Amino acid sequence: MRLFEKNGHAIIWGDTIEALSSEIPDGSVDLIFADPPYNIGKNFNGRKDHWPSDEAYLSWCYEWLNLCIAKLKPHGSFYVMTATQNMPYFDIFLRKRLHILSRIVWAYDSSGVQARNYFGSLYEPILFCVKDKDNYTFNTDDILVAARTGATRKLIDYRKPIPTKYNTKKVPGNVWNIPRVRYRMDEYENHPTQKPTALLDRIVKASSNPGDLVLDPFSGTFTTSYVAQSLGRDSLGIEIEEEYVKVGLRRLAIQEHYNGEVLRREPKTYEQQDGPDQQHLAIFERHAQWNTTSHR
Ligand SMILES: C[S@@+](CC[C@H](N)C(=O)[O-])C[C@H]1O[C@@H](n2cnc3c(N)ncnc32)[C@H](O)[C@@H]1O
């Protein structure tokens, strides 16, 4: 296990059960977002997301779920994802230990694999749970979205004693239409299941306050920590794969170098790769363009 830390943002490189057990005090975290391997055969930099049986996967999950619950403060919130087929087990397990306030559907436009002979999966479930249903953080005003009836259709409710305009804003429902991270997006990192910053933005804004501690026990590309940092929260991310830890060190600006390597985002296939030998003066590009257009 190895620890990295700067300005309120920490990364633990190691196994989450070991890290949760040995490095994080009980009752110390305000918000946890957990996006574990789903046991559906994804490849996390060579580490296969595959357990010998459903039972083996679930008993591993129950272990870290229990640890996450222990690490939450009494008013803390817990968001957790898994594959649609595993979520009923998580739901039954968690509702005996926490209060499940929302069963969220993260719906997206298209999946990587287009099903032809059955109805393809275009959503992933997220449970939103709290320890104390009478005392938890929920920043309504920070997550409001446009209410179609009031904002777009501008309707008036004539059933009221005095006709009243419908509200123009509302708290989002539990179906969240947020596009998946695409290769051409700025936020894209080389990881098979990177979550969009827009998804974490809503969760972190709703369920934590500036200065709170946000934990992600399966950080991947460190989306949670990155969003937490941009919103003035502290963050702690755990990840077992060194390649992804390097992404976190760079995204959170904890280190610029790692074992002598400069930490850079992998260039996209369509991006110019300027090395020291390929330097050029950009001013001539502009002039070349000006010359061709002016001679037309
Ligand atoms: C579904 S991905 C998380 C993606 C992340 N939410 C993001 O936005 O990039 C799960 C991550 O858990 C990591 N992982 C798998 N087993 C782990 C373990 N035992 N301890 C810590 N991390 C683990 C994988 O390497 C993978 O990056």
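The values are calculated or read from the model by the stated rules, or taken from the named source; none is laboratory data. What you are looking at is a predicted structure, and each value in this text was computed from that prediction instead of being measured. Here the Cβ positions follow ideal geometry from the backbone for every residue, glycine too, while neighbour counts run over all protein chains shown.
Summary table
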item: Count of region 11-58 residues which are touching a Ser or Thr at 6+ places or on another chain (Cβ under 7 Å) and more than 12 Å from the ligand (Cβ to nearest atom); result: 2
item: Asp134 vs. criteria away from the ligand (no atom under 16 Å from the Cβ), part of a loop (DSSP other than H, G, I, E, B) and on the phi < 0 side of the Ramachandran plot; result: yes
item: Selection from region 198-246 of residues that are part of a loop (DSSP other than H, G, I, E, B) and near the ligand (Cβ under 9 Å from one of its atoms); result: Pro217, Phe218, Ser219, Gly220, Thr221, Phe222, Ile240, Glu241
item: Some residue of region 171-184 being over 19 Å from Asp30 (Cβ atoms), within 9 Å of the ligand (Cβ to nearest atom), touching a helix residue (DSSP H, G or I) at 6+ places or on another chain (Cβ under 7 Å) and touching a residue at least 40 places away in the same chain (Cβ under 8 Å); result: no
item: Tally of residues being surrounded by 15 or more Cβ atoms within 10 Å (Cβ to Cβ) and assigned to a loop (DSSP other than H, G, I, E, B) across region 139-154; result: 2
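Results for (1) more than 14 Å from the ligand (Cβ to nearest atom); (2) farther than 15 Å from Asp35 by Cα; (3) buried (at least 19 other Cβ atoms within 10 Å of the Cβ); (4) of a type outside the set (A, V, I, L, M, F, W, C), shown as yes or no for each residue.
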{"position": "Leu65", "(1), (2), (3), (4)": "no, no, yes, no"}
{"position": "Tyr79", "(1), (2), (3), (4)": "no, no, yes, yes"}
{"position": "Ala83", "(1), (2), (3), (4)": "no, no, no, no"}
{"position": "Ile104", "(1), (2), (3), (4)": "yes, no, yes, no"}
{"position": "Ser110", "(1), (2), (3), (4)": "yes, yes, no, yes"}
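For every residue, the table says whether it meets (1) touching a Gly at 6+ places or on another chain (Cβ under 8 Å); (2) surrounded by 14 or more Cβ atoms within 10 Å (Cβ to Cβ); (3) assigned by TED's automatic domain parsing to the domain that holds Leu199; (4) touching a residue at least 24 places away in the same chain (Cβ under 8 Å).
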site	(1), (2), (3), (4)
Gly14	no, yes, yes, yes
Ala19	no, yes, yes, yes
Glu23	no, yes, yes, no
Asp26	no, no, yes, yes
Leu31	yes, yes, yes, yes
Pro37	no, yes, yes, yes
Asn45	no, no, yes, yes
Pro52	no, no, yes, no
Tyr57	no, yes, yes, yes
